[in-house]
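Q: Quick one: the structure is below, questions incoming.
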Amino acid sequence: MKKQKRNIGGWLLLLLFWGYWTSTTLFPHTHMIGGHVLVHSHIFFGTSGSDHQHTAQQFQLIAQLSMLVATALTFFLFLQELLGKSFVFLEQKTSARCDRAVRIFRLRAPPVC
């Protein structure tokens, strides 16, 4: 039962990541607001800005969510640095396998003319 819950949780996380990646990668578009170009990305089918508009509140929400993600990432990176943890994978020593002997055939080289 516990393994089944873990599998379901893994699939849900994979689905969540796929949805986020799809939304941010495949659907970028621009809006012209007050002479400034605003570029953002979310699931949207159509051409850039032709039949797709946002309200001022939606633009504010997009800006606040972007700031939240950037602030949270900075905070957690700083916290990891304080705790001495790192996101970089550490190098591990290679281990030699001694379970089977390696055969070395000591044959002579071919004759040289």
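Bear in mind these aren't lab numbers, they're just calculated from the coordinates by the rules spelled out. If you're wondering where the values come from, they're calculated on a predicted model, not measured in any experiment. No Cβ is skipped: glycine too gets one built from the backbone with ideal geometry, and neighbour counts run over all protein chains shown.
Q: Using 1/(1 + (r/R0)^6) with R0 = 25 angstrom and r between the beta carbons of Thr71 and Lys5, what's the FRET efficiency to the nearest 0.05?
A: About 0.20, to the nearest 0.05.
Q: At Phe17 and His42, where each label point lies 7 Å from the Cα along Cα→Cβ, what is the point-to-point distance in nanometres?
A: So the two model labels end up 2.5 nm from each other.
Q: Points 7 angstrom from Cα along the Cβ direction at Phe27 and Arg103: gap in nanometres?
A: Modelled inter-label distance: 6.1 nm.
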